[in-house]
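The values are calculated or read from the model by the stated rules, or taken from the named source; none is laboratory data. Treat the numbers as computed from the prediction; the structure is a model and nothing was measured. Note that each Cβ is placed from the backbone with ideal geometry, even for glycine, and that neighbours are counted across all protein chains shown. Note: accessible area is taken over every heavy atom of the protein model, side chains too, but ligands, DNA and RNA are not part of it. Shrake-Rupley method; radii C 1.70, N 1.55, O 1.52, S 1.80 Å.
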Amino acid sequence: MIEAQEVVRSTCPYCGVGCQIDMYIKEDQIFRVEAPFDVAPNFGRLCAKGRFGIDFVQHPSRLKKPLIRKDIGESPRKAVGLEGFREATWEEALDLAAEKLAAIVAQHGGDAVGTFCSAKATNEDNYIFQKLVRGVLGTNNVDHCARLCHAASVAGLQLTIGSSAMSNSIAEMKDLDAFIVTGSNTTETHPVISTFLREAVVRNGAKLAVIDPRQIEMTEFADHWLRQKPGTDVAIFQAMAHVIVHEELYNSDFIDDRTEGFGEYAKSLADCTPEWAEGLSGVPADQIRDAARMYANAERAAIYWGMGISQSVHGTDNAVSLANLALITGHIGKPGTGLNPLRGQNNVQGCSDSGGLPNVFPGYQLVNDPDIRGKFENDWGIQLNPDVGLTTMEMVDAAEQGGIKAYFVMGENPMMSEPDLRHARHVMASLEFVLLQDIFFNETAEYADIILPATSFAEKAGTFTNSDRRVQLIRPAVPAPGEARDDWVILSELAQRLETELGREESAGFEFDDPSAIWDEMARLTPDFQGISHARLQREDGVHWPCPSEDHPGTPYLFEDDFPSGRGRLTPLDYRPSAELPNDEYPFILSTGRVLYHWHGGTMTRRSKLEDIYPEPTVEVHPNDAENLGIAAGDWIKVRSRRGEIQVRTLVTERSPTGTVFIPFHFAEAAANELTLDARDPQAKIPDYKMSAVALEKLN
Ligand code: SF4
């Protein structure tokens, strides 16, 4: 038994559950990870990634020195491996990065730069990032991967209640009376949350309705499993609302006191009968009635959803229709209720909270509100751009059209996460300058001019905010590899060089002693964070925002008295078909997503022990389809779409329905996004990763 020299408490760097972990350290190596039993949100529970997937921190391929592309300046830009770069000093790399970015800003303006901050980096890193983008580059073109996972949830909830965060806490889950899980393979994507949800069913008798085309593990615990055809979710939710209105199962008091538009909304549901929804979705009308009654009749009921319904061309409509259900039943604003989009990455909530979005400063304060902007201008001592910036996908479009000349990417890998990767590569090749800041050389790094090596979560201090708005500390446990530096340190140094290059007489202020000072500045400017500090988090383990003052306990559930928008807005919807449907040439529907043992583009998990458990790209094929195509389990097959093709190993399973295949998006050698289309939700601009038409071909 190895004896630890030190045990360091921190927060898991993978998913939005935000599990607390104890890292056991000896000779500067993490050799074991455990979970403390007495601390929220996980109370001793961890999944495979948290327990066994942390060894990526010690992987020999960590970036250790700044790198500069050998053929920098050559056009068009080509993808090159590590051998296409040379090592540089920090001085040279930062000076050159500042010179290149400043030249583009001077010639074309700040809006010619597109920037991506990171849902894996800390709140403090992201605060400094958006401050550099807004306060030095002079643009609001800052976005991050939330655009590609829950932008539709954000848009839908903003439209209906004026807030997009998960409304209730993880701690309330085990005491639910009834709940709906839709578009979330919770046991694999948020494993520890799934244990609390299953506990609610098994120990406490909660009723569960799963609405999902795949036979995910949660269906084993469900009273009702509504297996809709992919892309028909809105019809199901509308029909459930129809049942609730038609059978008068709604909460009149709540509707009168807290909502608006009920009359028009109720009228709009007249034709949305369960039989209508059955015709579109294939789900028997009585199953829809049963699920609606279960939800409406419960004392307290909550809805949980994931990317399965948000990554869709009707993602906003999905979120709006779920909000409508909560508003007519009054299942919001109390413990054990609520609207709960389960956030993906460890700090995707915090990255949005810290201003990593093109339309808002930290705390969702609008950049185009003169009073709000004035507050930031006074504090930073500079003038700010009043125009809302571009979203991730709009930046890709602008780059293609020549409006964006440079990308600055921190801790993201768009060359794995963008839809239609062939198109994304074409756009990347056309840029004048690409600056990357990361912990590994990834697919996006192949297109970079300068790569700045950053520290991982295990080597730095700061905070992550988990899916239920709980702000928690991370703490340094091991030394940084080579010359890697903390993101906020790199950004501060780059910002100051940029200010010099751009001839700024006043600095926006980038001299911080440590991440707690950065948090204090953000909290000073953000009412919801004003009661939280690093010192308080040392004492209390975690605090849910909103927390407006030091003596405020934090807010585990939202909307007790009102919504940020005042009344909840009941919103009529029209059902729309999907952007791409199967045909004779591409007869299967492709859905993409995660598996338990890997994470997003695989940059971290594929450099951990977990790679031994799940080392190959796979495709789920239903036995009927496999038989028709002469495919056996384990066969390598080609999957083709109108955009590209990949080769994957077949899993023959009834998990995906006939006519639908599922491919995890973690494998660069068979990137699922070679196949996906970039059709987008019109409001949220989120691409549809769940509904592309593909063909399967057996390989000899
Ligand atoms: Fe980490 Fe999420 Fe697993 Fe918890 S459930 S250990 S936060 S990956």
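Write out the trypsin sites (Lys or Arg not before Pro) in the range 613-643 meeting two conditions: DSSP loop, and at most 15 other Cβ atoms within 10 Å of their Cβ. Can you show the working numbers first?
Details: sites: Lys638, Arg640, Arg642, Arg643; in loops: Arg642, Arg643.
Here the trypsin sites (Lys or Arg not before Pro) that fit, given the DSSP loop and packing criteria, are Arg642.
Which percentage, to the nearest 5, of the DSSP beta bridges contained in the range 587-663 is antiparallel?
Numbers: 6 of 14 bridges.
In the range 587-663, DSSP labels about 45 percent of beta bridges as antiparallel.
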Open item on the list: Could you work out [θ]222 nm for the chain from helices alone, using -39500 (n - 2.57) per DSSP H run of at least four and dividing by all its residues? Round to the nearest 500 deg cm²/dmol.
Closed with: -8500 deg cm²/dmol
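For the chain, what does the equivalent ellipsoid look like in terms of its semi-axes, each the square root of 5 times an eigenvalue of the Cα gyration tensor, given largest first in whole Å? Intermediate results must be reported in sequence, preceding the final value.
On the way: eigenvalues 284, 178, 132 Å².
That gives 38, 30, 26 Å for the three semi-axes.
The chain: longest stretch without exposed GluC sites (Glu not before Pro) (DSSP loop, at most 11 other Cβ within 10 Å), sites themselves excluded?
Here the longest segment lacking exposed loop sites spans 300-504.
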Task: Inter-probe distance in nm under a simple model that places probes 7 Å from Cα toward Cβ, at Phe31 and Lys64 - done: 2.2
Task: Only Lys, Arg (+1) and Asp, Glu (-1) charged, at Cβ; the range 588-698 dipole about Cα centre in debye - done: 340
- [ ] Any chance you could give the angle, 0 to 90 degrees and rounded to 10, that helix 487-501 forms with the longest Cα principal axis of the chain?
- [x] 60
TODO: With the cut-off at 16 Å, report for the range 6-58 the share of all Cα pairs above it, as a whole percent.
DONE: 33
Open item on the list: Could you compute how much accessible surface Ser430 exposes when probed at 1.4 Å, giving the result in Å² to the nearest 10?
Closed with: 70
- [ ] Note down the nm distance, to one decimal, between modelled labels 7 Å out along Cα→Cβ at Asp271 and at Lys698.
- [x] 4.6
Open item on the list: Taking all protein chains in place and a 1.4 Å probe, what share, in percent, of the accessible surface of the range 588-698 do carbon and sulfur account for?
Closed with: 48
- [ ] Using the heavy atoms of the protein chains and a 1.4 angstrom probe, tell me the accessible area per residue for the range 550-606 in square angstrom.
- [x] 50
- [ ] With both partners inside the chain, how many of the DSSP beta bridges are antiparallel, as a percent to the nearest 5?
- [x] 50
- [ ] Would you mind checking which residues have amide H under 5 Å from Ala206's amide H? H placed 1.01 Å from N; only 5 or more apart, or other chain.
- [x] Val201
Open item on the list: Give me the 1.4 Å probe accessible area per residue for the range 66-210, excluding ligands and nucleic acids, in Å².
Closed with: 27
Task: Which of Gly531, Phe85, Asn251, positive extreme of dipole for the chain (C-beta unit charges) - done: Phe85
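Carbon-plus-sulfur fraction of the accessible area of the range 6-58, 1.4 Å probe, in percent?
It is 48 percent, rounded to a whole number.
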- [ ] Would you mind working out the magnitude of the charge dipole of the chain relative to its Cα centre, with +1 at each Lys and Arg C-beta and -1 at each Asp and Glu C-beta, to the nearest 20 Debye?
- [x] 1020
Task: Extended-chain gain in nm, criterion 0.36 nm per residue less alpha-carbon gap, Glu6 and Glu247 - done: 80.7 nm
TODO: Treat every Asp and Glu Cβ in the range 115-217 as -1 and every Lys and Arg Cβ as +1, leave all other atoms uncharged, and give the resulting dipole magnitude about the Cα centre to the nearest 20 debye.
DONE: 160
- [ ] Report the Cys residues of the chain lacking a disulfide-compatible partner, meaning no second Cys Cβ under 4.7 Å from their Cβ.
- [x] Cys15, Cys47, Cys117, Cys145, Cys149, Cys272, Cys351, Cys547
Task: Whichever lysines have a C-alpha closer than 25 Å to that of Lys690, once near sequence neighbours (fewer than 8 apart) are set aside - done: Lys49, Lys120, Lys229, Lys638, Lys698
TODO: At a 1.4 Å probe radius, which order do Tyr250, Tyr265 fall into by accessible area, largest first?
DONE: Tyr250, Tyr265
Open item on the list: Can you give me the angle between helix 315-329 and the longest principal axis of the chain, using Cα atoms only, in degrees from 0 to 90, rounded to the nearest 10?
Closed with: 50
Task: Long-range amide H partners of Thr660 with built H, under 5 Å - done: Ile589, His622
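Quick one: net charge around Ser507, please, counting Lys, Arg +1 and Asp, Glu -1 for every other residue with C-beta under 13 Å from its C-beta.
It works out to a net charge of -4.
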Open item on the list: Suppose all protein chains stay in the model; what accessible area per residue would a 1.4 Å probe give for the range 1-62, in Å²?
Closed with: 44
TODO: Work out the FRET efficiency for Gln647 and Arg524 from their Cβ-Cβ distance, taking R0 = 45 Å, and round it to the nearest 0.05.
DONE: 0.25
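Antiparallel as a % of all DSSP beta bridges within the range 151-342, to the nearest 5?
Of the beta bridges lying entirely in the range 151-342, close to 0 percent run antiparallel.
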- [ ] Calculate how steeply helix 370-380 sits against the longest principal axis of the alpha-carbon atoms of the chain, using the helix alpha-carbon long axis, and give the answer as 0 to 90 degrees to the nearest 10.
- [x] 30
TODO: Name the lysines eligible as straight-distance cross-link partners of Lys70: C-alpha to C-alpha under 22 Å, and not fewer than 8 places from it in the same chain.
DONE: Lys78, Lys100, Lys405
TODO: Please find the FRET efficiency linking Lys375 to Ser430, where r is the Cβ-Cβ separation and R0 is fixed at 22 Å, and quote it to the nearest 0.05.
DONE: 0.05
TODO: Please give the length that would be gained between Asp397 and Val80 if that part of the chain were fully extended, namely 0.36 nm times their separation in residues minus their C-alpha to C-alpha distance (nm, one decimal).
DONE: 111.8 nm
Open item on the list: Rolling a 1.4 angstrom probe over the protein chains, ignoring ligands and nucleic acids, what is the accessible area of Cys15 in square angstrom, nearest 10?
Closed with: 10
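Report in % the part of the accessible area of the range 151-342 that belongs to carbon and sulfur, leaving out ligands and nucleic acids; probe 1.4 Å.
The C+S portion of the solvent-accessible surface of the range 151-342 is 45 percent.
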